[in-house]
Amino acid sequence: MRIISRGIRGLSGAASMIQFLLFIARAFTYRTSQLWGISLLASACGVHTPDSGDVEPLRTEHVILVVIDGPRYSELWADSAELAPNLSGKLMQEGVFASDFYNDGYTYTNAGHAALTTGVNQAIDNYGNELPANPSIFQYYLKASGKPATAAWVVASKDKLDILGDTRHPEWQGTYQPSLNCGVNGPNTGYRMDSLTLMEAKRILATHRPSLMLLNFMEPDGYAHAGNWANYVRGIARNDRYIKQLWDFLKKDPFYKDKTTLLVTSDHGRHLDGVAEGWPEHGDHCAGCEHIGLLAIGPDFKKGRKLKSRYTLVDIAPTVAYLLQFRMDSVVFEPVPVAAVAGIAADTVAVGVQQKTLLKGATRKGNVISELFR
Ligand SMILES: [Zn+2]
Ligand SMILES: [Zn+2]
């Protein structure tokens with residue numbers, strides 16, 4: 001693997017030689033904790049340094065994170081040749097697929113998305129009435145880059161995902177908020193069809209030229225909750241086509257071409273057959289709810305490779321932070337209010353499965369998925 005460095009903003013000067021030596025020493029076993037260790041060490045020295053010039057820089061300048069809401073691994077990935085021929089075919093050949101990829105926190109929409117954008121599993125309310133406890137990749141990015149709100153977007157079929165635009169972290173609430181385009185017309189206006197969400201995403205990309213965007217497609221989850229198998233699998237097939245269209249769009253646009261990383265995953269799966277109500281619902285720790293998968297395509301990643309190691313949703317945020325060169329230095333872990341978790345797994349009027357205990361993975365800090373990189 002090549003040595004990866006574009007310098008972390010705020011790295012300091014007196015430590016440049018230490019930084020360089022550490023990168024050499026660790027080039028073959030690179031992990032984010034080591035990177036953070038380096039940057040902490042460098043920060044402690046208190047002076048600024050330019051980037052090291054003798055290593056190949058990262059090429060990613062923009063990151064698009066697509067979340068297919070609530071398909072089971074069995075339908076989206078295991079049987080993907082049938083339902084998702086683009087994801088399992090051309091797109092997988094262009095990037096890296098992590099099959100051992102999980103939501104091992106809370107397997108419902110707002111918690112899965114908050115884990116993705118903050119790097120922390122949190123038993124958050126699932127009706128859009130609670131902000132994430134931690135600042136998001138959008139906020140860190142806007143602060144670090146100094147760019148306006150139009151440089152980072154949440155574009156979601158589900159209106160309740162507007163909570164991803166802010167945090168209740170006292171030092172961050174109301175600051176560096178991304179632009180929002182959620183549901184029919186913002187919070188409490190209902191879900192929007194995924195075809196419209198794709199149109200909005202393409203319009204925003206062409207107009208505002210953002211460098212960080214999360215897209216949420218809701219049809220697999222929405223139709224599964226309605227118990228409509230035909231429309232559930234149609235949603236998966238549509239999302240497969242939409243992601244191909246989005247990637248083609250990005251590849252044709254000189255602003256994004258060869259500089260954009262696309263990450264495709266899900267917020268959660270659904271119950272295995274025989275677990276609780278089966279495929280229409282989700283929210284517990286069965287293998288169907290937890291197993292999701294990650295496809296990563298970009299100029300800094302390997303091509304046509306499959307990873308064997310296990311990763312989870314909280315590893316995405318530090319990976320994005322690494323790609324776009326910002327530090328996530330405000331992470332707090334809160335004790336889980338067990339009583340508050342009851343019943344919040346429902347995405348619709350259906351009652352979800354209660355999660356009773358503090359999760360084992362809930363307080364684990366994510367790591368950069370270094371295996372993705374060339
Ligand atoms: Zn389940
Ligand atoms: Zn759901």
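Restricting ALA226, ALA206, ALA237 to those that are free of Cβ contacts under 8 Å to residues at least 60 places away in the same chain, away from ligand 1 (no atom under 16 Å from the Cβ), assigned by TED's automatic domain parsing to the domain that holds TYR322 and not basic (Lys, Arg) reduces the list to ALA206. With respect to the conditions (1) over 26 Å from ASN126 (Cβ atoms); (2) out of contact with any Asp or Glu (no Cβ under 7 Å at 6 or more places or on another chain); (3) hydroxyl-bearing (Ser, Thr, Tyr), THR175 falls short on a single one, namely (1). Residue under question is TRP279, and the condition is that it be surrounded by 18 or more Cβ atoms within 10 Å (Cβ to Cβ) and in a loop (DSSP other than H, G, I, E, B); does it hold? Spelling it out, TRP279 is indeed surrounded by 18 or more Cβ atoms within 10 Å (Cβ to Cβ) and in a loop (DSSP other than H, G, I, E, B). Looking across segment 85-119, the residues that are assigned to a strand (DSSP E or B) and within 15 Å of PRO71 (Cα to Cα) come down to PHE101, TYR102.
Taking first residues from segment 177-203 that are free of Cβ contacts under 8 Å to residues at least 60 places away in the same chain and more than 12 Å from ASP162 (Cβ to Cβ) and partners that are among the hydroxyl-bearing types (Ser, Thr, Tyr) and part of a helix (DSSP H, G or I), the Cβ contacts under 8 Å between residues at least 6 apart in sequence or on separate chains come to ASP194/TYR242; SER195/TYR242; LEU198/TYR242. Applying a threshold of 8 Å to beta carbon distances and a minimum spacing of six or more residues, or different chains, the list of pairs starting in segment 307-319 at a residue that is among the charged types (D, E, K, R) and ending at one that is not in a loop (DSSP other than H, G, I, E, B) reads ARG310/PHE101; ARG310/TYR102.
Does any residue of segment 297-304 turn out to be surrounded by 23 or more Cβ atoms within 10 Å (Cβ to Cβ) and within 16 Å of ligand 2 (Cβ to nearest atom)? Within segment 297-304, not a single residue is surrounded by 23 or more Cβ atoms within 10 Å (Cβ to Cβ) and within 16 Å of ligand 2 (Cβ to nearest atom).
Remark: pairs (first residue in segment 363-374, on the phi > 0 side of the Ramachandran plot and surrounded by fewer than 20 Cβ atoms within 10 Å (Cβ to Cβ); second residue modelled with pLDDT of 95 or more and acidic (Asp, Glu); Cβ separation under 9 Å; 6+ apart in sequence or on different chains) are absent. Restricting the first member to segment 275-296 and to residues that are farther than 16 Å from LEU313 by Cβ and without any contact (Cβ under 8 Å) to a residue 24 or more places away in the chain, and the second to residues that are within 13 Å of ligand 2 (Cβ to nearest atom) and not in a loop (DSSP other than H, G, I, E, B), the beta-carbon pairs closer than 7 Å and six or more apart or on different chains are VAL275/GLY288. Which of the residues that make up segment 279-297 are more than 9 Å from ligand 1 (Cβ to nearest atom) and out of contact with any Gly (no Cβ under 7 Å at 6 or more places or on another chain)? Listed by number, the residues that qualify are TRP279, GLY293, LEU294.
Name the residues in segment 230-288 that are within 16 Å of ligand 2 (Cβ to nearest atom), out of contact with any Leu (no Cβ under 8 Å at 6 or more places or on another chain) and small (Gly, Ala, Ser), would you? Scanning segment 230-288 gives GLY235, GLY269, ALA276, GLY283. Scanning segment 124-150 for residues that are outside any helix (DSSP H, G or I) and more than 15 Å from SER330 (Cα to Cα) yields ILE124, ASP125, ASN126, TYR127, GLY128, ASN129, GLU130, LEU131, GLY146, LYS147, PRO148. Could you tell me whether THR319 is of a type in the set (Val, Ile, Thr) and away from ligand 2 (no atom under 16 Å from the Cβ)? Criteria met by THR319. Scanning segment 91-107 turns up no residue that is surrounded by fewer than 17 Cβ atoms within 10 Å (Cβ to Cβ) and modelled with pLDDT under 95.
The values are calculated or read from the model by the stated rules, or taken from the named source; none is laboratory data. Source: prediction; values computed, not measured. So basically every Cβ, Gly included, is an ideal-geometry build from the backbone, and we count neighbours across all protein chains shown.
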